[in-house]
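As structure tokens, the structure follows; a few thoughts come after it.
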Amino acid sequence: MNLPKDLQYFSKMLGELRKLPYLSSKNLYKVGVSILEMDYSAVEKLASVLTLAKQYSKKCLQCHAYSELDLCLICTNEKLSEKKICVVANWLEMLTVSTAVDFDGKFHVLGGLLSPLDGIGPNQLNIATLKERVKLKDVEEILFAFSPTPEAEVTISLIISTLKEFCEKIRFFRISSGVPVGASIEFSDRSTLTQAFAEKRALL
Ligand SMILES: [Zn+2]
């Protein structure tokens with residue numbers, strides 16, 4: 001679609017919106033027009049909350065979840081055991097799991113899964129900090145909550161071999177295959193996830 005030349009700023013705005021993932025080009029124009037049709041004060045508020053959310057959201061120093069605090073509310077919750085860590089691929093999956101399931105341990109966000117073809121190797125993932133946590137907190141149990149993919153399998157193998165090196169007694173589990181192959185944890189419902197956690201299975 002070609003925009004008329006007398007709409008330079010609108011065109012610039014679309015150029016910025018286009019950089020956002022998940023926004024199809026068809027929806028891009030609809031979002032753009034919706035913004036033009038909003039009240040001026042609502043647009044100002046939108047621009048301001050975008051900046052504030054970006055300014056104040058940072059990653060928890062321990063688990064890498066987004067938080068406005070140095071340590072997130074799960075990491076500082078003393079009712080949750082430090083000895084159990086549920087490892088998730090990304091923060092959205094952590095949000096889904098922590099909301100749906102009554103897990104009595106802490107979390108660790110890896111920041112992706114191993115995928116050499118996409119340039120994601122061990123150094124791009126938060127594995128070193130997981131290793132530190134296991135050492136410092138004397139962690140006894142690691143539970144992998146990944147969507148079932150080939151990348152998840154390779155990532156699990158790597159983490160087990162990395163942690164086994166210095167910690168013999170640590171036990172590894174993964175959630176059951178209640179999450180269907182090809183499905184994502186992010187879009188699993190509460191009962192599927194609760195069952196997948198209840199039927200966790202031991203690895204090794
Ligand atoms: Zn945290």
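None of the figures in this text is laboratory data; all of them are computed from the coordinates on show. Here the structure is a predicted model, which means the values were calculated and not measured. Cβ: placed from backbone, ideal geometry, glycine included. Neighbour counts: every protein chain shown.
Start at zero, step by 5 Å, and the Cα-Cα distances of the range 70-202 spread as 2, 10, 21, 25, 22, 14, 5, 0, 0 percent across the bins. Which pairs in the list Lys45/Lys131; Lys58/Lys137; Lys19/Lys59 are over 31 Å apart, alpha-carbon to alpha-carbon? From the list (Lys45/Lys131; Lys58/Lys137; Lys19/Lys59), the Cα-Cα distance tops 31 Å for Lys45/Lys131.
Taking every DSSP helix (H) stretch of at least 4 residues in the chain, weighting each as -39,500 (n - 2.57) and dividing the sum by the residue count yields a mean residue ellipticity at 222 nm of -13000 deg cm²/dmol. Taking only the Cα atoms of the range 8-56, the radius of gyration and Dmax are 11.4, 32 Å.
A simple rule links phi to the HN-Hα coupling: the Karplus curve 6.51 cos²θ - 1.76 cosθ + 1.60 with θ = phi - 60°, which for the range 79-84 gives 6, 9, 5, 7, 7, 10 Hz, with x for Gly and Pro. The share of alpha-carbon pairs in the range 19-147 lying farther apart than 22 Å comes to 50%.
Normalising the average separation of contacting C-alpha pairs (under 8 angstrom, six or more residues apart) by the number of residues puts the relative contact order of the chain at 15 percent. Residue-wise HN-Hα couplings along the range 19-34, as the Karplus relation 6.51 cos²θ - 1.76 cosθ + 1.60 with θ = phi - 60° gives them from phi, are 6, 6, x, 6, 10, 5, 5, 5, 6, 3, 5, 5, 5, x, 5, 4 Hz; Gly and Pro carry x. Shown in residue order for the range 141-148 are the 3J(HN,Hα) couplings computed by the Karplus curve 6.51 cos²θ - 1.76 cosθ + 1.60 at θ = phi - 60°: 9, 10, 10, 8, 10, 10, 5, x Hz (x for Gly and Pro).
Taking every pair of alpha-carbon atoms in the range 88-132, give the share separated by more than 14 Å as a whole percent. Counting pairs separated by more than 14 Å, the tail of P(r) holds 54 percent.
Report the charge-dipole magnitude of the range 8-56 in Debye, nearest 20, computed about the Cα centre from +1 at each Lys and Arg Cβ and -1 at each Asp and Glu Cβ. Mind dumping the intermediate values first?
Values: 7 positive and 4 negative charges, 54 e Å.
Using Cβ point charges on Lys, Arg, Asp and Glu, the range 8-56 gives about 260 debye.
If packing is taken as the average number of other Cβ atoms within 10 Å across a peptide's residues, how do 74-84, 126-136 rank, most packed first?
Packing proxy ranking, top to bottom: 126-136, 74-84.
Taking amide H as placed 1.01 Å from N in the peptide plane, Leu203 has its amide H under 5 Å from the amide H of Phe172, Phe173, Arg174, each at least 5 places away in sequence or on another chain. Considering only Pro116, Pro150, Pro21, the mean-square fluctuation computed in a Gaussian network model of the chain, springs between alpha carbons under 10 angstrom, is largest for Pro21.
The alpha carbons of the range 131-203 occupy a box of 35, 23, 18 Å along the principal axes, longest dimension given first. Net charge dipole, the range 36-98: roughly 340 debye, given to the nearest 20, about the Cα centre with Cβ charges of +1 for Lys and Arg and -1 for Asp and Glu.
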